[in-house]
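Here is the structure we will look at, set down as structure tokens.
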Amino acid sequence: MKFTLAWLRDHLDTDSPIEKLTDTLSSIGLEVEGVENPAAKLSAFTIARVVEAKQHPNADKLRVCQVDTGKGILEIVCGAPNARTGMIGVFAPMGTFIPGTGITLEAKPVRGVVSNGMLCSERELELSNEHDGIIELDPKFTGELGKRYVDVMGLDDPVIEVKVTPNRPDALGVRGVARDLAAAGHGKLKPEKRGWTGEGKFDCPVPIDLEFPKGDEAACPVFGGLYIKGVKNGPSPAWLQQRLKAIGLRPISTLVDITNYITFDRARPLHVYDADKLKGTIHARFGKRGESFLALDGKTYAVDETMTVIADDSGVLGLGGIIGGDSTGCSDGTTNVLIESAYFDPVRTATTGRRNGINSDARYRFERGIDPASVPVGVALGVEMILNLCGGTPSKPLTAGKVPERNLVVGFDPARVRKLAGLETENKEVTRILDALGFASKRKGEMLEVAVPSWRPDVHGAADLVEEVVRIVGIDKVPFTPLPRGRGVARAVLTETQKRVRRARRVLAGRGLVEAITWSFITSDQAKLFGGGAEALDLANPISSEMTSMRPSLLPGLIAAAQRNLDRSQSDIGLFEVGQAYRGIKPEDQYFAAAGIRTGLSRLGGAGRHWSAGKDDAGLFDAKSDAAALIAALGLDANRLMVTRDAPAWFHPGRSGTIRLGPKIALAHFGELHPSVLKVFDIDQPAVAFEVFLDALPQPKKKAKARPAFEAGDLQPVRRDFAFVVGRDVAAADVVKAAESVDRKLISQVNVFDVFEGASLGADKKSIAIEVTLSPKERTLTDPEIEQVAQKIAGEVKRQTGGEIRG
């Protein structure tokens with residue numbers, strides 16, 4: 001629902017600024033979706049007069065104009081055919097942004113003559129699509145030279161758009177919005193205009209009839225009409241066109257624009273027929289199979305017996321409450337008209353509109369339930385505007401059927417506001433709010449008898465009245481009180497999986513990776529690449545051909561995301577995701593994992609090139625480091641876990657590994673992705689990835705409430721280096737573990753600092769150098785003791801790996 005501020009003030013006498021009005025609208029249930037002021041983009045444009053227009057010396061279709069801007073004479077080059085001496089137009093100075101073309105004016109020569117500004121067309125100001133010539137204003141604006149165009153033409157009128165919930169049909173008219181604001185304390189609602197009050201000069205020459213089977217009269221219980229002869233149709237006045245344009249409607253003619261205006265002003269749709277095109281009696285009835293009509297939107301619609309139609313003796317003219325027909329539409333030659341104001345059943349209107357795919361402003365209101373009592377008011381409003389703008393002589397009103405009366409009176413205790421909402425509101429204020437909203441209330445002892453107005457079909461009882469009071473007082477005024485926790489209800493706690501998911505997100509984000517959220521569905525071919533693709537995991541109704549199978553791993557989505565970034569020249573990518581994947585269709589086949597991918601220079605120290613940093617791309621050990629850091633953060637020491645070479649087939653066979661808890665439990669995979677996998681995803685550079693299986697991690701042990709005393713070593717640690725010649729297939733981790741096993745209390749750390757291969761070592765041999773740190777706790781080690789430990793380390797490494805001390 002859109003309206004302008006000036007339009008609102010036609011019904012509401014208020015001095016409140018627009019900021020306060022919009023804040024209040026949102027707080028009382030009419031959420032403001034946007035405020036747009038046309039003056040903001042047109043503030044630089046001013047009124048100017050062409051003092052002289054001469055032919056351009058170097059171009060046949062250009063003119064050189066001397067333009068009085070109100071602040072001096074400027075020379076302007078103009079290509080409009082209607083540019084001439086003496087005309088009043090709209091001027092844009094240098095540096096002005098032209099919204100219709102998206103350019104900013106600069107002083108540049110045009111065929112040798114510098115133009116110091118621009119005379120604008122309507123399309124360049126986004127007022128319409130007219131661009132055959134520049135804007136030509138009435139000579140009466142000669143005295144307005146130099147003034148802002150938006151001020152002179154009254155365009156400085158903000159447009160407010162509110163979201164109206166389906167239960168508030170009254171708020172689909174500007175007056176309904178004004179009524180709510182008045183009740184909320186923003187001014188006073190102006191007296192309602194009831195329209196034409198005359199008696200008519202003659203009887204309506206077009207009979208009106210309701211033809212519905214018994215029991216179906218509610219399809220259209222009342223149909224009002226009035227005939228006006230001698231009207232003069234044509235373009236509507238500027239003020240009316242301006243308001244319709246502001247809310248996004250296209251002005252058509254005065255007669256049509258009047259019906260659109262009243263639709264938005266009072267939430268009262270009307271229709272105007274060219275009476276000379278009608279044949280016999282106007283009927284409101286059900287359609288018949290085989291009937292159809294050409295509608296005003298240029299489309300032909302078939303009707304049936306479930307649809308309410310308006311017809312004359314020649315056939316169907318339109319769908320009641322939805323759209324009119326082309327055959328009886330008004331044109332510039334229309335001289336006699338019939339105004340229609342009727343009430344149509346909301347449910348039948350909605351069903352008919354959906355079946356035919358028609359979304360009109362009339363349908364939008366009728367299907368929500370307009371005010372049935374507005375039928376005679378709609379006729380009166382339409383007649384008054386037509387007589388004022390088009391002239392003519394009205395007939396006497398004619399009505400078929402009768403207005404359905406609701407006559408709902410609700411017994412209401414004002415104390416219920418406190419009981420249901422907790423608001424301490426005085427009875428006097430409750431009565432004031434209800435009266436301001438149109439509810440007529442009478443006091444009967446401690447109770448109120450509240451008559452519900454005909455325009456509020458959503459109000460049925462006392463609880464609804466409490467809601468009305470609360471929304472006007474303010475939802476923010478309702479005190480909040482937490483419900484007491486029952487003795488048998490446990491406090492809210494996170495499961496271990498939920499804790500791990502949150503911790504994983506923090507750890508990986510802290511390592512410079514950006515979280516991504518990808519689809520759980522991938523192509524069947526991609527699923528097969530990552531060990532999935534079983535028919536049982538295919539979707540019965542996929543949303544696209546690229547999302548047909550449940551993902552067996554998080555990596556396909558991350559690789560695809562990396563590929564999209566690479567296509568946009570983002571080569572240094574670090575992404576992670578924490579989510580679910582599926583090995584099968586059983587509940588236990590669903591698992592939680594945390595996965596990540598790095599490409600280019602995306603490393604822990606920061607992505608991209610820098611003069612002080614190396615140029616190495618992210619590699620195998622970056623992925624291993626990410627996986628190990630996450631496992632450590634989740635409570636396990638990755639250094640004490642097994643690392644094997646048996647990574648899945650989507651990893652590079654020589655540059656990948658698996659972190660295991662024992663020989664059977666795989667905790668994580670890491671490494672460089674296989675080139676064939678990258679080729680499938682159209683990635684032409686290396687990428688490394690990891691995947692940690694959160695569900696595979698053992699449950700943490702219960703920690704003691706008291707922490708053990710911290711033991712700080714005050715003795716100097718001793719470091720010794722060893723170099724072992726081992727077989728080429730021996731893992732460095734095996735050497736480290738063998739050294740650590742000699743004395744776990746004394747040996748605090750073992751690090752690999754060098755790996756060497758060469759002909760001097762012999763075929764299939766390599767040298768692994770380690771640094772062993774001894775941290776004594778009780779006394780300083782003597783040289784013999786250190787030597788004894790060194791011999792044990794050499795012996796244990798030889799026993800477990802076959803390594804010899806390098807000579």
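The values are calculated or read from the model by the stated rules, or taken from the named source; none is laboratory data. None of these values were measured; they are calculated from a predicted model. Positions of Cβ are generated from backbone atoms using ideal geometry, with glycine treated the same way; all protein chains shown enter the neighbour counts. The accessibility values were calculated without ligands, DNA or RNA, using every heavy atom of the protein model including side chains. Shrake-Rupley method; radii C 1.70, N 1.55, O 1.52, S 1.80 Å.
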**Request:** Evaluate the following for residue 714: is it modelled with pLDDT under 90, open to solvent by 30 Å² or more (accessible area, probe 1.4 Å) and in contact with a Gly (Cβ under 7 Å, 6 or more places away or on another chain)?
**Result:** no
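Yes or no, residue by residue, for (1) farther than 23 Å from residue 190 by Cβ; (2) of a type outside the set (Ser, Thr, Tyr); (3) modelled with pLDDT of 95 or more:
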{"site": "6", "(1), (2), (3)": "no, yes, no"}
{"site": "33", "(1), (2), (3)": "yes, yes, no"}
{"site": "41", "(1), (2), (3)": "yes, yes, no"}
{"site": "66", "(1), (2), (3)": "yes, yes, no"}
{"site": "71", "(1), (2), (3)": "yes, yes, no"}
{"site": "85", "(1), (2), (3)": "yes, no, no"}
{"site": "93", "(1), (2), (3)": "yes, yes, no"}
**Request:** Could you please tell me which pairs satisfy a Cβ distance under 7 Å, a separation of 6+ or placement on different chains, a first residue in region 399-416 that is touching a residue at least 12 places away in the same chain (Cβ under 8 Å), and a second residue that is of a type in the set (S, T, N, Q) and outside any loop (DSSP other than H, G, I, E, B)?
**Result:** 414/427
**Message:** Given the criteria farther than 29 Å from residue 266 by Cβ, open to solvent by less than 80 Å² (accessible area, probe 1.4 Å) and in contact (Cβ under 8 Å) with a residue 12 or more places away in the chain, does residue 127 qualify?
**Reply:** no
**Asked** Based on what the data block shows, is residue 322 surrounded by 24 or more Cβ atoms within 10 Å (Cβ to Cβ) and either free of Cβ contacts under 8 Å to residues at least 60 places away in the same chain or over 28 Å from residue 389 (Cβ atoms) (or both)?
**Response** yes
**Item:** Flag for residue 666 being under 39 Å from the mean Cα position of the chain (by Cα), surrounded by 15 or more Cβ atoms within 10 Å (Cβ to Cβ) and either at pLDDT 95 or above or farther than 29 Å from residue 571 by Cα (or both)
**Value:** no
**Residues located in region 581-591, provided they are part of a strand (DSSP E or B) and either under 23 Å from residue 622 (Cβ atoms) or among the acidic types (Asp, Glu) (or both)** = 581
**Fill in**
Every listed condition ((1) open to solvent by 10 Å² or more (accessible area, probe 1.4 Å); (2) at pLDDT 95 or above; (3) closer than 30 Å to residue 200 by Cα) holds for residue 331 save (2)
**Request:** Answer yes or no as to whether residue 748 is in contact with a Ser or Thr (Cβ under 6 Å, 6 or more places away or on another chain), open to solvent by less than 90 Å² (accessible area, probe 1.4 Å), in contact (Cβ under 8 Å) with a residue 60 or more places away in the chain and not acidic (Asp, Glu).
**Result:** no
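Okay, residues lined up against (1) in contact with a strand residue (DSSP E or B) (Cβ under 6 Å, 6 or more places away or on another chain); (2) modelled with pLDDT under 90; (3) open to solvent by less than 90 Å² (accessible area, probe 1.4 Å):
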position: 401; (1), (2), (3): yes, no, yes
position: 406; (1), (2), (3): no, yes, no
position: 418; (1), (2), (3): no, no, no
position: 423; (1), (2), (3): no, yes, yes
position: 437; (1), (2), (3): no, no, yes
**Complete:** Note on region 101-124: residues surrounded by fewer than 14 Cβ atoms within 10 Å (Cβ to Cβ), over 34 Å from the mean Cα position of the chain (by Cα) and assigned to a strand (DSSP E or B) are 109, 114
**Fill in**
Checked region 214-248 for anything open to solvent by 10 Å² or more (accessible area, probe 1.4 Å), in contact with a helix residue (DSSP H, G or I) (Cβ under 9 Å, 6 or more places away or on another chain) and free of Cβ contacts under 8 Å to residues at least 40 places away in the same chain; matches are 235, 241
**Request:** Check region 293-307 and report whether any residue there is under 30 Å from residue 6 (Cα atoms) and touching a Lys or Arg at 6+ places or on another chain (Cβ under 6 Å).
**Result:** no
**Request:** Output the number of residues of region 426-472 satisfying the condition of being in a helix (DSSP H, G or I) and of a type in the set (S, T, N, Q).
**Result:** 2
**Message:** Can you pull out every residue in region 758-783 that is more than 25 Å from residue 712 (Cα to Cα) and over 60 Å from the mean Cα position of the chain (by Cα)?
**Reply:** 758, 759, 760, 761, 762, 763, 764, 765, 766, 767
**Request:** State which residue is surrounded by the fewest Cβ atoms within 10 Å (Cβ to Cβ) when the search covers only region 6-31 and only residues that are in contact with a His (Cβ under 9 Å, 6 or more places away or on another chain) and of a type in the set (Ser, Thr, Tyr).
**Result:** 16
**Request:** Give the number of residues within region 208-257 that are part of a strand (DSSP E or B), under 45 Å from the mean Cα position of the chain (by Cα) and within 20 Å of residue 276 (Cα to Cα).
**Result:** 3
**Hits in region 548-564 - residues which are in a loop (DSSP other than H, G, I, E, B) and open to solvent by 30 Å² or more (accessible area, probe 1.4 Å)** = 548
**Message:** Return the residues of region 32-60 that are of a type in the set (A, V, I, L, M) and either part of a strand (DSSP E or B) or open to solvent by 20 Å² or more (accessible area, probe 1.4 Å) (or both); say none if nothing qualifies.
**Reply:** 32, 35, 40, 44, 47, 48, 50, 51, 53
**Complete:** Checked region 440-484 for anything among the acidic types (Asp, Glu), at pLDDT 90 or above, in contact with a helix residue (DSSP H, G or I) (Cβ under 8 Å, 6 or more places away or on another chain) and open to solvent by 20 Å² or more (accessible area, probe 1.4 Å); matches are 458
**Request:** Take region 514-547 and flag every residue that is in contact with a Phe, Trp or Tyr (Cβ under 7 Å, 6 or more places away or on another chain) and either among the charged types (D, E, K, R) or surrounded by fewer than 19 Cβ atoms within 10 Å (Cβ to Cβ) (or both).
**Result:** 515, 539, 542, 547
**Message:** With under 24 Å from residue 212 (Cα atoms), in contact with a Pro (Cβ under 8 Å, 6 or more places away or on another chain) and part of a helix (DSSP H, G or I) as the only criterion, which of 383, 379 stands out?
**Reply:** 379
**Prompt:** If we only count strands (runs of 3 or more DSSP E) wholly inside region 276-347, which ones have 2 or more residues that are among the hydroxyl-bearing types (Ser, Thr, Tyr) and touching a Ser or Thr at 6+ places or on another chain (Cβ under 7 Å)?
**Reply:** 300-302
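Matching residues to (1) surrounded by fewer than 14 Cβ atoms within 10 Å (Cβ to Cβ); (2) in contact with an Asp or Glu (Cβ under 7 Å, 6 or more places away or on another chain):
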{"position": "566", "(1), (2)": "no, no"}
{"position": "585", "(1), (2)": "yes, no"}
{"position": "590", "(1), (2)": "no, no"}
{"position": "601", "(1), (2)": "no, yes"}
{"position": "608", "(1), (2)": "yes, yes"}
{"position": "634", "(1), (2)": "no, no"}
**Test: residue in region 696-704 that is assigned to a helix (DSSP H, G or I) and either in contact with a Phe, Trp or Tyr (Cβ under 9 Å, 6 or more places away or on another chain) or of a type in the set (A, V, I, L, M, F, W, C) (or both)** = yes
